[in-house]
Amino acid sequence: MRYPQYRPRRLRRNEPLRRLVQETDLSPRHLVYPLFVVPGNGIRREIPSLPGQFHLSVDKLPDVAREAKSLGILGVILFGIPSRKDPLGSEAYDPDGIIQRAIKELKNSVPDLVVITDVCLCEYTDHGHCGVLKGETVDNDATLELLARTAVSQARAGADVVAPSDMMDGRVGAIRRALDEEGFSDVSILSYAAKYCSAFYGPFREAADSAPKFGDRKSYQMDPPNWREALREVAMDIEEGADIVMVKPAMPYLDVIARVKEEFLYPVAAYQVSGEFAMVKAADRLGWVDGNRAMMECLVAIRRAGADFVLTYAALEVARILGGG
Ligand code: PBG
């Protein structure tokens, strides 16, 4: 491969040639759309920290779900903001909780859309941590039972996939056992296997009202400098029964996505988190980057690194662009 015999520019000459040698695809089927569900009726309120995203009451979900479906998006992931919070996050596993009602509504109205649910307590606890407290620390083993109960109640409501995001040790195994015991062996587990303790969750915590009231999540979420630890986390989750493993955030951790993809024969998901999305939006608003192009470039990069699909707040807008609509 030596110039002038080889000239890489030959294949970049025009659009059809470039598309012919394109190595990575980004299409609506690669995108999962996150939805924030709030109590009440007739609510569709823009989330200030996530431009173009909305707090939706249960009755408003079907419209959005139908739109996503019509754009070729195959799945949504649900986050709930409960009407009351307590130390044990009990609305998370209440059969009539916000998410359980949301799942039923979606399954009734758009049955063939994949419904993924976040399994975590932080939106439901009054202290904002992802598990039960013992003093000022999060008690791993006491949390497992509540996470398992949450996953089972979501499965009972009709969830196709449950996605634990708490980063407690052993939660995938605890959830798998509980699901199987209750007759939900067909419900899949999408594990947030390598979830880092990240500054990029800021806008989400405002949207989900889930910021910890004291301290931080460093004792359970992963330390950003580590990649080998991520592979151990993924290996453990697969061993415990994860069907899909996720890396989160996405763009600051492309190396981790690539290594997980290389190392394991399991589907890999990545979460382009709220801060990644908000940064592109903010820079676009300031006129510093072309937001649409930047968003596409980020998402194709995440796919190129090895993600089979991407959870992104940009799912609808990107699917519209991809569909030419
Ligand atoms: C719940 C959860 C978080 C996100 C997804 N599930 C927040 C956190 O861990 O603090 C972040 C998603 C985002 O920033 O878009 N534990």
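Each value in this text was obtained by applying a stated rule to the coordinates, not by laboratory testing. Fair warning: this is a prediction, and the values are worked out from it, not measured in the lab. When we count neighbours, we look across all protein chains shown, and the Cβ atoms used for this are built from the backbone with ideal geometry, even at glycine.
Quick check on my filter: what residues within the stretch 207-229 are touching a residue at least 60 places away in the same chain (Cβ under 8 Å) and either near the ligand (Cβ under 10 Å from one of its atoms) or of a type in the set (Lys, Arg) (or both)? Before the answer, list the steps.
Keep residues of the stretch 207-229 that are touching a residue at least 60 places away in the same chain (Cβ under 8 Å), which gives 207-215, 217, 219-220.
The answer is Ala207, Ala208, Ser210, Ala211, Pro212, Lys213, Arg217, Tyr220.
Any residue in the stretch 70-91 that is outside any helix (DSSP H, G or I), buried (at least 19 other Cβ atoms within 10 Å of the Cβ) and hydroxyl-bearing (Ser, Thr, Tyr)? Outline the logic, then answer.
From the stretch 70-91, those outside any helix (DSSP H, G or I) are 71-89; that's our starting set.
Okay, now just the ones that are also buried (at least 19 other Cβ atoms within 10 Å of the Cβ), so 71, 73, 75-82, 85, 89.
Filter again for hydroxyl-bearing (Ser, Thr, Tyr), leaving none.
No, the stretch 70-91 has no match at all.
In the stretch 49-69, what residues are part of a loop (DSSP other than H, G, I, E, B), buried (at least 18 other Cβ atoms within 10 Å of the Cβ) and out of contact with any Ser or Thr (no Cβ under 7 Å at 6 or more places or on another chain)?
Gln53
Of all residues in the stretch 258-295, which are of a type in the set (A, V, I, L, M, F, W, C), within 21 Å of Asp118 (Cα to Cα) and more than 16 Å from the ligand (Cβ to nearest atom)? Before the answer, list the steps.
So the first thing to find is which residues in the stretch 258-295 are of a type in the set (A, V, I, L, M, F, W, C), and the list is 258, 260, 264-265, 268-270, 273, 277-280, 282-283, 286, 288-289, 294-295.
The next check asks that each one be within 21 Å of Asp118 (Cα to Cα); those that pass are 268-270, 273, 277-278.
Listed by number, the list holds a single entry, Val268.
Tell me whether the stretch 160-178 contains one or more residues that are farther than 23 Å from Pro267 by Cα and surrounded by fewer than 16 Cβ atoms within 10 Å (Cβ to Cβ). Lay out the reasoning, then the answer.
Keep residues of the stretch 160-178 that are farther than 23 Å from Pro267 by Cα, which gives none.
No: zero hits.
Return the only residue of Val318, Val273, Val268, Val300 being in contact with a Lys or Arg (Cβ under 7 Å, 6 or more places away or on another chain) and over 18 Å from Cys197 (Cβ atoms).
Working: Val318 fails: in contact with a Lys or Arg (Cβ under 7 Å, 6 or more places away or on another chain); Val273 fails: over 18 Å from Cys197 (Cβ atoms); Val300 fails: in contact with a Lys or Arg (Cβ under 7 Å, 6 or more places away or on another chain).
Step by step, each of Val318, Val273, Val268, Val300 is checked, and only Val268 is in contact with a Lys or Arg (Cβ under 7 Å, 6 or more places away or on another chain) and over 18 Å from Cys197 (Cβ atoms).
Sort out which residues of the stretch 164-188 are within 16 Å of the ligand (Cβ to nearest atom) and either touching a Pro at 6+ places or on another chain (Cβ under 6 Å) or more than 30 Å from Val280 (Cα to Cα) (or both), and write them in order of number. Full working, then the answer.
If we filter the stretch 164-188 for residues that are within 16 Å of the ligand (Cβ to nearest atom), which is where we start, we get 164-169, 171-172, 175.
Residues satisfying the conditions are Met168, Asp169, Arg171, Val172, Ile175.
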